[in-house]
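The values are calculated or read from the model by the stated rules, or taken from the named source; none is laboratory data. Worth saying up front: this structure is predicted, and the values here are computed from it rather than measured. Cβ sites come from the backbone with ideal geometry, for glycine too, and all protein chains shown count toward neighbours. Heavy atoms of the whole protein, side chains included, go into the accessibility calculation; ligands, DNA and RNA do not. Shrake-Rupley method; radii C 1.70, N 1.55, O 1.52, S 1.80 Å.
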Amino acid sequence: QVQLVESGGGLVQPGGSLKLSCLVTGPTSSISAMGWFRQAPGKERTFVASIGKGGSFTSYANSVKGRFTIARDNATNALYLQMNSLQPDDTAVYYCAATSAVLIAISTADYWGQGTQVTVSS
């Protein structure tokens with residue numbers, strides 16, 4: 001069974017940076033696109049960024065474009081999210097997700113991690 005485990009969350013001041021990691025274990029051959037999603041308190045889960053199987057195709061939510069960078073290492077079955085210029089509005093639980101489909105969205109994700117908390121506050 002495929003499992004996703006996130007790490008790297010924490011408390012950071014506005015303007016700071018964090019790097020999230022997601023380690024994928026199990027039968028990973030069926031995994032294609034991967035992505036990051038987040039859920040702020042009292043709000044729905046939303047898309048943050050996605051990356052295709054080969055790593056060349058990426059997509060970002062407008063709110064994080066230019067500040068966040070998604071990357072993957074298929075050799076080590078890892079997914080990353082580098083987050084720079086963090087703001088209080090970025091505070092949320094961040095989830096790693098994977099799918100066998102070409103594109104990933106909340107509705108197409110086959111596997112989810114347990115989430116990691118990111119808090120941006122002074």
Projected label distance in nm at Lys53 and Asn84, using a 7 Å step from Cα toward the beta-carbon: 3.1 nm
For the range 103-113, 3J(HN,Hα) per residue [Karplus equation, 6.51 cos²θ - 1.76 cosθ + 1.60, θ = phi - 60°, Hz, x = Gly/Pro]: 10, 10, 8, 4, 6, 10, 5, 8, 9, 10, x
Relative contact order (percent, whole number), the chain, Cα cutoff 8 Å, 6+ residue spacing: 37 percent
Whose amide H sits under 5 Å from the amide H of Asp110, counting only residues 5 or more places off or on another chain, with H placed in the peptide plane? Ala98, Thr99, Ser100
Using a 1.4 Å probe on the protein heavy atoms, what percent of the accessible area of the chain belongs to carbon and sulfur? 50 percent
Exposed trypsin sites (Lys or Arg not before Pro) being those in a DSSP loop with at most 12 other Cβ atoms within 10 Å, the longest stretch of the chain free of them is 66-122
For the range 1-70, run through the chymotrypsin sites (Phe, Trp or Tyr not before Pro) and keep only the ones in DSSP coil with at most 16 other Cβ atoms within 10 Å of their Cβ. Phe57
Total charge dipole magnitude, the range 18-122, about the Cα centre, Cβ charges on Lys, Arg, Asp, Glu only, Debye to nearest 20: 120 debye
